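See below for the structure under consideration.
The values are calculated or read from the model by the stated rules, or taken from the named source; none is laboratory data. Given the structure is predicted, the values throughout are model-derived calculations rather than measurements. Cβ placement follows ideal geometry from the backbone for every residue including glycine, while neighbour counts extend to all protein chains displayed.
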Amino acid sequence: MTLSDLATRLELTVFTPGVPLDRPAQGGYASDLLSDVIGHARKDDVWVTMQVHPNIVAVAVLKELAGIVLVGGRVPAAETLAQAEREKVPVLGTRLGAFELAGRLYTMGVKGS
Amino acid sequence: MALRRFRADLHIHTCLSPCGELTMSPRAVVDRAREAGLDLIAVTDHNTTENAGAVIEAAAGTGLAVLPGIEMTTAEEVHILGLFDAGANLGPFQEEVYRNLPDLPSKMRFTADQVLVDAADYVTGFCPRCLFGATLLAVQEAVDLIRGHGGLAIACHVDRDSFSIISQLGFIPPGLALEAIEVSSRLTAEEARAAFGPVTPLPVVRFSDAHKPEEIGMAATDFLVEGPVLGEIRLALAGREGRRVIGP
């Protein structure tokens, strides 16, 4: 399932219009501790978090994540968006909380390890 | 004036912190710091500087130098130490922190009393704010606020699994104007240097983060400086004019 499919079906906000959403999400990971994401997320995961600091982009690049979904209506910092556009990391958003979003992703076949 | 070694523990809570013991009164902090052989301490309660003045006053004439400070919780739940000059007027800084500290419903105020005291250990009031909560300030904004009021900023207990800039943000964001990183007493000075020396050009300091009197000085850092004042500590952290961190 591509990020574009997820964005449509879950009515996600797209914060990075300049970044293609054609990348498939092979799985998912939810965490707000970036050290934990560095340790445990897998390549091509979609990452569910409420952190909006620019470091989330660097972590997504490092771990080759498919994209980031910000939960709880969080809006990324301006610097985060600039870096995400530059690094071609899709950043999406939803008003749903992390638990609800992860549940919906799971029912759509996007699973954890 | 000659340079000499000053032993400093610049991360100490008082009874104002929700997690600080009631026994952390100004006189007790000063007495214990002197017993521990410290030359310089800083009072760093969670999101507040309001008890610092009382400790500074309690230390007057004892030979112990005291800096006012704060341990700010940023929006990312990173703890940042802010240290200020002993004579600084911190009113406007404190107002800005409180303005960015959300209140919690009263039924959620499950933490211990947050006790305001004077230099003679008398209780003068209770802080009604949720001091343990996270401010709305992102780490960059917190560092800017501290520096904008003349303070220096240090990332707290980076070796811990919670409230550390590394646990929360994975790594130290490049370009963040920190003066140092702090490790907790859980690491020896050698372990701290081995773990963090290779990953940051910032100096590593080691302070106690004391919440009880017996913890004061459990970790401390020696500075080669002219005197126990903020400007000298700043020079030592930058390794300028012969001043330096001798070692945690």
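A few points about this structure:
- Comparison of A:19, A:48 shows that the only residue that is more than 14 Å from every other protein chain (Cβ to nearest Cβ), at pLDDT 95 or above and part of a strand (DSSP E or B) is A:48.
- Selection status of residue A:100, at pLDDT 95 or above, of a type outside the set (S, T, N, Q), assigned to a loop (DSSP other than H, G, I, E, B) and surrounded by fewer than 18 Cβ atoms within 10 Å (Cβ to Cβ): no
- Test: residue in the range B:192-200 that is of a type outside the set (A, V, I, L, M), more than 15 Å from residue B:41 (Cβ to Cβ) and touching a residue at least 60 places away in the same chain (Cβ under 8 Å): no
- Residue check for residue A:67: within 21 Å of residue B:137 (Cβ to Cβ), modelled with pLDDT of 95 or more and more than 11 Å from chain B (Cβ to nearest Cβ): no
- When each of B:21, B:77, B:96, B:57 is tested for being surrounded by fewer than 23 Cβ atoms within 10 Å (Cβ to Cβ), without any contact (Cβ under 8 Å) to a residue 60 or more places away in the chain and not aromatic (Phe, Trp, Tyr), the lone residue that passes is B:96.
- Checked against the criterion of being within 14 Å of another protein chain (Cβ to nearest Cβ), surrounded by 14 or more Cβ atoms within 10 Å (Cβ to Cβ), more than 14 Å from the chain's Cα centre (by Cα) and not basic (Lys, Arg), the candidates A:41, A:77 yield just one match: A:77.
- Number of residues in the range B:138-188 that are buried (at least 23 other Cβ atoms within 10 Å of the Cβ), more than 16 Å from residue B:75 (Cα to Cα) and touching a Ser or Thr at 6+ places or on another chain (Cβ under 7 Å): the value is 3.
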